[in-house]
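Below is one structure, written out as structure tokens, with a few remarks after it.
No value in this document is a laboratory result; all are computed from the given coordinates. Being a predicted model, the structure only gives us computed values, none of them experimental. Backbone-built Cβ (ideal geometry, glycine too); neighbour counts: all protein chains shown.
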Amino acid sequence: MKTERFFIFIHMVLLKKIATCCLILAGVLFVFVPRLYAQVQGFEDPFDIVSHPEEFLPFWSANEVRGTSARVFQAIGKGRKGSHALAVQPLTTFEGQVFFRIENLDVQNAKLAFFARTESNGTGNRPALLFLSFAREGETVFTNNIQIGNSETFPNKNMAFRLFEIPIPEPFKNQRNFTIRWSISVGPGTGSAARVFLDDMGLWESDAVVDPVKFLQTKPLNPFWVELGADREIDEIRPNQIRLKGNPPFSVIQPNDTLIWIESPEPLQTSPIDIELYELKEKSGAITPEVLISIPNDVIRTGRIAPISPKNLLVEFSHPYTKPSVSQTAKFLINGKNPKDVELLADGFSIKLRLSEELVPSEHFILECREITSALSGGTAPILRETAFFVDGISEVQAIDPKSILISLKEPVRTEDVGKEMFGLQDSPEIAFKLEFPDHKTILLRTELELEEEKEYLLQIPPMTTVRGFTLPGIWKTIVWDKSPPELTYVVPVQTNKLMLVFSEDLDPAFALNKDAYRIGADTPSSVELQPKPNQVLTTWKQSFLEGSNYLVEISGIYDLQGNQNNLQKFPFTYQKPKPIGFKSIVINEVMPAPRVGNSLPNAEYVEIINTSDSRIFIGGMQLANSRRQSQIPSISLDSGELLILCSRTHVPLLSRYGMVLGLSNWPSLLNSGDNIRLISAEGEILDSLKYTTASFGGSTFASGGYSLEIVNPYLECFLPTNLKASQAPERGTPGKQNSVFNPSPDFTPLRFIESLVINDSLVVFRFNKILQPTISKVDVEITPRIDIRKISFGSEPNELLLELSPGILKNTVYRLEVKNLRACTGNALEDDSQIFFVKPSEGETGDLVINEVLFNPRTGAPKFVEIYNTSEKYINLRDWKLANLDGDGIVANRRVVFDTDYLLAPKSYLVFTTDIEQLKAEYPKGVESQFVALNLPSYPIQAGNVVWMNPDESIQEVFSYDESMHHRLLKEKKGVSLERSSPWIPASDPNNWKSASAFEGFATPGYRNSTNYEMNSGVGITVEPKVFSPDAIGGDRYTTIGYSLDQAGFIGTIAIYSAGGTLIKEICQNAILGNSGIYSWDGTDQTGRRVRPGYYVVWIELYDLNGNIQQIKKTVAVGTNF
């Protein structure tokens, strides 16, 4: 333990400081209970540069104190845990001596304790030797010489601090005043000697624990678990070594040698959690008799933070939370970015975050949670911020032969919990595995189908649990079956005597750094440096190379990381510094990311490139890269307009008949769902890039049908989404020849405004359909209503314009822009009728956004959907609004955030959430596709269920409980028929407010006005609309709606249908308590559910007011039929 000052009298420690030594760390009271100690020096204060007998610190002196790193000096940052230390550098001509003067020692049976280590100094092998000796007060003769360890204790190596405890010799035990001397000299050997560092030196009672185990990381992981993190490794701890306040039952898990998890079957107390630990044994054998820990638990905090996979994070809290406080993506930041989704788990204290960016294995990440409310105390934590570490537990994943993949783990796992169905290869579902476990740290995957050589596979490794109870996250790992040796593909001149050698794949450093592996004539390099990209080696030569001269490099004895050897390769090259390749001089012209077996083209991925310049270009040394990997392009040149097909080296025979083909080692396998392909120059500059998603194909049929993506105009230097299309060739691709969609015509389509977003009170971003011209000084903007513009700039994306305005943007006010001189990168101006505007959204209130239509029982293969309608005159931001359902107990469950970014819904607008946009449009062609949003909907069963619509904090909730019986009684086939809300002003809970969608509209109206929409009358009275309807109509009205609007609520009403002859046909309601307004409907059936005959019928209404007055109203309605 460190103190700022060394001299502390025993009685001062006892009376003023501590009775037991305490640390308060991050709000946690940590107590260990050693015997009392005194006079501990941590060497934190600056040294006075003086020599013995003058003191550099009170009570401390040395024979030659320096202000530099020589002789005796203060070593900044070299002490325990990064603190300061006392350092001594012994020489053959210098023995360091350090003196410690003791005054008024009040310990009867004392010991000297200190920490010491060595650090390597120079190239010598001499250790340091340490001796202690003692002298009485006023004497200069030191006696009782004691050697600390032996000649091997302090070697000339970098060593960790060790604790040394030396009993005070018998002649000095009863002395209150004496001096201790350290003598540090050079040991046997040659050359320089070790440098010695001393820290935390002091006197203690002989039975005191000088360096007890400390728990610096302690917190509740959740309401039932608590974590204790020790500052060092300890032996296995048993439950009888732990005591919890209140003596509840518990179990103990030690995920590793420094962590202890205590699990209680009962919730932990919200008052401080008091824990006592006894007889803790370190790996070194030292024992800490007792440790007391008190952990505050009165407020909610983040507990366990456990990555499930790189894109999913489990977060547990110390208390159960209130659901509204955790169900918004805006409440969380992971490395500064909001997650895409929040899933609330059933235990009530855990959530799962779906991240917007993947976590990187073996790297830290920062989690921030805002305004989380405890369901126990009701208290809200404003900001919770923690740094965590993503540990995947994988040492290595390697294809050891075409049918075997070896996974080496850092920790042994419970093999009985690992199932073969949990492993898989992305985009290769036909490859199944059998599992073998040579030991608990090794998994061997066997498959009947061979892996393709040099093809990059992505292996899914599931979450696993170590034998000690720690959960390792699931992760994807890249594997390649590689039996080809590394090849030199390109030589890059760097200087007249330096060459960069570029190989086809990463090299084994042990062999790559061997100078004898490289030769030009009789010359070998004087130095070899493996570069950060481990397929590149920088070589320095004794000779100077001449511009334009030819040379021959010989390579031998080089290995790749899979152990393949390049025995001998001769590579001719011309020493000539290459000319820089211009941007878009080489263009990615076509990609085949998802070939399909059975198509005309081979089942092989490829990337086609084209030279768009007017001269020959040497492309050797360039790299083809995607989002996961880079592959070196061998030496080759392309003429102007020439095409080159790039593919895996194993697929060259399949594609060679289509044109010039070049096979690459370590092919960067393209992702089916979307990828970013780049061409990178030898200097690391991006020459071209092509980003695609499944939407780039124009539909799922093309995306999954083995079609290539082709560039329309490769000579266009400006990237446009419309410049990439699915191939229209009958073969579904055009490798080696002109693209089927090729059109060199200039792009005449205008620049078009897409959307705007108010960032804050003075900042607005505008997005356009194309990249904007880089010159912005000529852009002129006027805003109506007027608001001053402070600055015009580009946004974070090249298609964004950013306006900084004077503060004061009003809510729900539409600001319209007149923009001049804004052009796309192609030079195209804004379309003439551009309507550019922005609006600061208003908060949604009850009734503003309603559930308007639901399809819960779709036809086979079709998706379900939920439609929302904005009834208000406001623009409302739908970020963090949610769809959900109800569980068996009627509690809101399975929340789905509909937007994790800002999305404004305009007044009187519709929005449809569905699982498949394309299929929904195919099922209902009249639907407005622009209003469709893809969403993983909660479960909505096909017979009955509940749709829940909520605002971000869940203070607004609308629940629609649907049932198949709510459909029209005469509807024979209910599959594919939606339920429409007749009036947005009548509660969703009123079953009379829901009707089957009209057959005339195709049985659903996604994205536009409902076919059964009913407009309420503004006046008082009774309405029956329509006055003619046909229950079995293929199109048109199948119901009549009976609406009422009363001057006060509380009327008692009875509604019945009679024939023209006065016979009761059907009772609609009897003695119902009516509100101010509402609706009932009649579907043209009688009391038994049978269709009535065509003809006239009477709607009879009887109303009783609160005073007993009676009103009787009769309306006529006609029932028709189909012919």
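Dipole size of the chain about its Cα centre, with +1 on Lys/Arg Cβ and -1 on Asp/Glu Cβ: approximately 480 debye, rounded to the nearest 20.
Per residue, the convex hull around the alpha carbon atoms of the range 586-726 comes to 102 Å³. Length gained on full extension, residue 54 to residue 83, computed as 0.36 nm times the residue gap minus the Cα-Cα distance: 8.0 nm.
For the range 390-399, the Karplus equation 6.51 cos²θ - 1.76 cosθ + 1.60, evaluated at θ = phi - 60°, returns couplings of 8, 10, 8, x, 9, 7, 6, 10, 8, 7 Hz by residue, with Gly and Pro reported as x. Taking the number of Cβ atoms within 10 Å of each Cβ as an exposure proxy, the fewest-first ranking of 52, 440 is 440, 52. Here the range 841-1013 was treated as a single set of alpha-carbon atoms; its pair distances binned every 5 Å from 0 give 1, 9, 19, 24, 23, 16, 7, 2, 0 percent.
For the set 311/331; 311/840; 1027/1115; 840/874; 1027/1114; 1066/1114, the pairs lying more than 21 angstrom apart at their alpha carbons are 311/840. Per the Kirkwood formula applied to alpha carbons, the chain shows a radius of gyration over Rh ratio, Rg over Rh, of 1.06. Here the range 35-205 is treated as an ellipsoid with the same Cα gyration tensor; its semi-axes, largest first and in whole Å, are 25, 17, 16. Near the amide H of residue 794, within less than 5 Å, lie the amide hydrogens of 802, all on another chain or at least 5 residues away, with H placed in the peptide plane. Here the contact order of the range 226-295, divided by its residue count and restricted to Cα pairs under 8 Å and six or more residues apart, works out to 33 percent. Each helix, a run of at least 4 DSSP H residues, gives -39500 (n - 2.57); summed and divided by the residues of the chain, these come to -500 deg cm²/dmol at 222 nm. Close amide H partners of residue 1037, meaning residues 5 or more places away or on another chain with modelled amide H under 5 Å apart, are 1030.
Hey, fewest Cβ within 10 Å first, where do 290, 831, 505 land in order?
In order of increasing Cβ crowding within 10 Å: 831, 290, 505.
Please figure out what share of the DSSP beta bridges in the range 629-710 is antiparallel and state it in percent, rounded to the nearest 5. Display every interim value, and only then the final one.
Values: 7 of 11 bridges.
Within the range 629-710, antiparallel bridges account for around 65 percent of the total.
Compute log10 of I(q)/I(0) for the range 488-574 with the Debye formula, placing one identical point scatterer on every Cα and leaving out solvent, at q = 0.11, 0.12, 0.19 Å⁻¹, to two decimals. Log10 of I(q)/I(0), two decimals: -0.25, -0.30, -0.78.
For the range 896-951, the C-alpha radius of gyration divided by 2.2 N^0.38 Å, with N the number of residues, is 1.24. Given their separation in residues at 0.36 nm each and the Cα-Cα distance between them, residue 274 and residue 434 gain 52.8 nm when the chain is fully extended. Taking 7 Å steps out from each Cα toward its Cβ at residue 253 and residue 522 produces label points 6.9 nm apart. The peptide list 870-878, 971-979, put in order of mean Cβ contacts within 10 Å with the highest first, becomes 870-878, 971-979. Computed from backbone phi, the HN-Hα couplings of the range 732-737 come to 6, x, 9, x, x, 9 Hz, rounded to whole numbers (Karplus: 6.51 cos²θ - 1.76 cosθ + 1.60, θ = phi - 60°; Gly and Pro given as x).
Taking 7 Å steps out from each Cα toward its Cβ at residue 137 and residue 427 produces label points 8.4 nm apart.
Each part gets one Cα centre, and for the range 955-1023 versus the range 677-726 those centres are 44 Å apart. In this rough spin-label picture, where each label sits 7 Å from Cα along the Cβ direction, the residue 1086-residue 1000 distance is 2.8 nm.
Once the chain from residue 448 to residue 767 is taken as fully extended at 0.36 nm per residue, the excess over their C-alpha distance is 109.7 nm. Put simply, the Cα atoms of the range 343-444 extend 57, 29, 28 Å along their principal axes, the longest span coming first. Calculated over the range 302-389, the projected area of the Cα convex hull averaged across directions stands at 4.9 nm². Along its first, second and third principal axes, ordered by size, the range 394-480 spans 37, 22, 21 Å in Cα coordinates. Residues in the range 289-299 carry Karplus couplings, in order, of x, 7, 9, 10, 10, 10, 10, x, 9, 8, 10 Hz; the curve used is 6.51 cos²θ - 1.76 cosθ + 1.60 with θ = phi - 60°, and Gly or Pro positions show x. As a proxy for reagent exposure, 319, 84 were ordered by neighbouring Cβ count within 10 angstrom, fewest first; the result is 84, 319.
Please figure out what share of the DSSP beta bridges in the chain is antiparallel and state it in percent, rounded to the nearest 5. Taking every DSSP beta bridge within the chain, about 95 percent pair in antiparallel fashion.
Computed from the C-beta positions of residue 177 and residue 395 and an R0 of 56 Å, the FRET efficiency is 0.45 to the nearest 0.05.
Computed from the Kirkwood radius of its Cα pairs, the Stokes-Einstein diffusion coefficient for the range 656-798 at 10 °C and 1.306 mPa s stands at 85 µm²/s.
If you wrap the Cα atoms of the range 805-929 in a convex hull and average its projected area over all directions, you get 12.0 nm². Considering every alpha-carbon pair of the range 1015-1123, the percent of pairs per 10 Å bin, from zero through the bin containing the longest distance, is 14, 47, 29, 9, 1. Listed cross-link partners 770/791; 477/498; 864/972; 737/770; 533/791; 410/455 are compared with a 30 Å cut-off, the Cα-Cα value being larger for 477/498; 533/791.
Distant-in-sequence amide contacts of residue 712, defined by a placed amide H-H separation under 5 Å and a gap of 5 or more residues or a different chain, comprise 724, 725.
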